[in-house]
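This report concerns only the one structure given below.
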Amino acid sequence: MNGFEWLDRLPAEQQHQLYQLMEAVSDGDNELVEAMTPALLDAAASDDQAWVEVFVRNFHLRSLVFNREDVKQALPQAVSLLERAHREDARDCPQSVCASHVLTAAYTLTDPVGYAARREAVSRETLDGLDPDRVCFLCISNEVAKALIDQGRADEALQLIERQKQIRRERGIGFDPDDFARTESSALLAVGRHDEALAVVDAGLESGRVYRGESWMNEVGQLRSWILASSGRGDEAAAELPELGQVFRDGGFEIHRRLVTRLVADGHLASLNG
C-alpha cells in the first residue's frame, strides 16, 4: 500500500496534475510547485474535495520544508495543515498521516534539539497503530529515530530501526536499503561506527537510484560527504561537495553549511573569505 490508490478514482486530467506535482517536489522543481499549487487548491475548493486539498497542501509544504528549508513559512503552515487534515472530512485521507510527518520535519528545521522531545511524542503517537504495510510506517519510524538521535539517544534509534525492520519482515513485507539510509547512517555515525555508516548510506544511494528523485539523492549525497569528513577523509568529502546552485534547488542547506565550515576549518577547502 502506497497511500495513493485513491487518486485512481479522480478524473484523468486531475490525476495527471497531482502526479505531476509529486514529481516536481521529488525533483526539486520548486518553481513548478509554486506555479501549480494555487490552481490545484482552487479546483479542490470548488469541487469540495477535502482529500485533494490535504494532498496538495502536503506536497507544497514538503517543497517548503524538505527542498527549500523555508524556516519562516514551514512551522505555521505545518500546524495549519495538521489542523485541516484532522477535520471530519479529511481525517481518513492517507495524506493526513503525512501532515504529522511534515510537522515534525518543520520542528526539526526550526530547532532540531529544542523540539526533539516534542517530535518524538508526536511521531510515536502517529506511529501507534499504523499498519506496517503502509509507506507512512517507514516515514514516521524515521521521524522517531531522528528525534532520538537529536536527544543523544542514537543507540535507541538503532534499536528502533532494527525493530521496525523486523516488524515488516514478520509481516512478509520487504524493505529497501534506502528506506532507513539517512537515519540509520546518522545514528551509526553518532555512535562512532563510521565504516558501517558509510556502507549504509552507499547502499541507500544505490537503491535510491531506482525510485528516489534528484532532491533525495543529492541530499543523501551530502550526508555521505559529511560521513567522509567525520571519518578523516576530508579531501574525498570536498571532492564530492555539490554546487551551491544544486543545494538551493534540492535543499540540505544546513548540512551543507556545516560541511563547508568543517572542511574549511580542517584545511580541505579554501576559506570563503579568500
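Take the conditions more than 16 Å from ASP250 (Cα to Cα), aromatic (Phe, Trp, Tyr) and either outside the structural domain of ARG257 (by TED's automatic domain parsing) or buried (at least 18 other Cβ atoms within 10 Å of the Cβ) (or both) and apply them to TRP226. Does it pass?
So TRP226 fits the description; yes.
For residues in region 120-133 being over 14 Å from the mean Cα position of the chain (by Cα) and assigned to a helix (DSSP H, G or I), which is surrounded by the most Cβ atoms within 10 Å (Cβ to Cβ)?
For region 120-133, the residue satisfying everything is THR126.
Look at region 116-142 and say how many of its residues are free of Cβ contacts under 8 Å to residues at least 24 places away in the same chain and either hydrophobic (A, V, I, L, M, F, W, C) or not assigned by TED's automatic domain parsing to the domain that holds ALA154 (or both).
3
Let's see how each residue does on (1) buried (at least 18 other Cβ atoms within 10 Å of the Cβ); (2) modelled with pLDDT of 95 or more; (3) within 30 Å of ASP70 (Cβ to Cβ); (4) not assigned by TED's automatic domain parsing to the domain that holds ASP131:
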position	(1), (2), (3), (4)
ASP178	yes, no, yes, no
GLY192	no, yes, no, no
VAL220	yes, no, yes, yes
ARG233	no, yes, no, yes
LEU241	yes, no, yes, yes
VAL247	yes, no, yes, yes
GLU254	no, no, yes, yes
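Filter region 81-111 for residues that are without any contact (Cβ under 8 Å) to a residue 60 or more places away in the chain, within 25 Å of LEU148 (Cα to Cα) and either assigned to a loop (DSSP other than H, G, I, E, B) or among the polar types (S, T, N, Q) (or both) and give the result.
Within region 81-111, SER96, SER100, THR104, THR108, THR110, ASP111 qualify.
State whether the residues of region 72-80 include one that is crowded, with 21+ Cβ neighbours inside 10 Å and not assigned by TED's automatic domain parsing to the domain that holds ARG249.
So the first thing to find is which residues in region 72-80 are crowded, with 21+ Cβ neighbours inside 10 Å, and the list is 74, 78.
Next, only the ones that are not assigned by TED's automatic domain parsing to the domain that holds ARG249 stay: 74, 78.
Within region 72-80 (the criterion being crowded, with 21+ Cβ neighbours inside 10 Å and not assigned by TED's automatic domain parsing to the domain that holds ARG249), the answer is yes, since at least one residue qualifies.
Need the failing condition index for ASN273 against (1) modelled with pLDDT under 95; (2) in contact with a helix residue (DSSP H, G or I) (Cβ under 9 Å, 6 or more places away or on another chain), just the number.
ASN273 satisfies every listed condition except (2).
If you scan region 134-176, which residues turn out to be buried (at least 21 other Cβ atoms within 10 Å of the Cβ) and of a type in the set (S, T, N, Q)?
Within region 134-176, SER141, ASN142, GLN164 qualify.
I'd like the full set of residues that are of a type in the set (Ser, Thr, Tyr) and exposed (fewer than 15 other Cβ atoms within 10 Å of the Cβ), limited to region 32-71.
SER46
The values are calculated or read from the model by the stated rules, or taken from the named source; none is laboratory data. Given the structure is predicted, the values throughout are model-derived calculations rather than measurements. For neighbour counting, all protein chains shown are included, and Cβ atoms are generated from backbone atoms with ideal geometry for every residue, glycine included.
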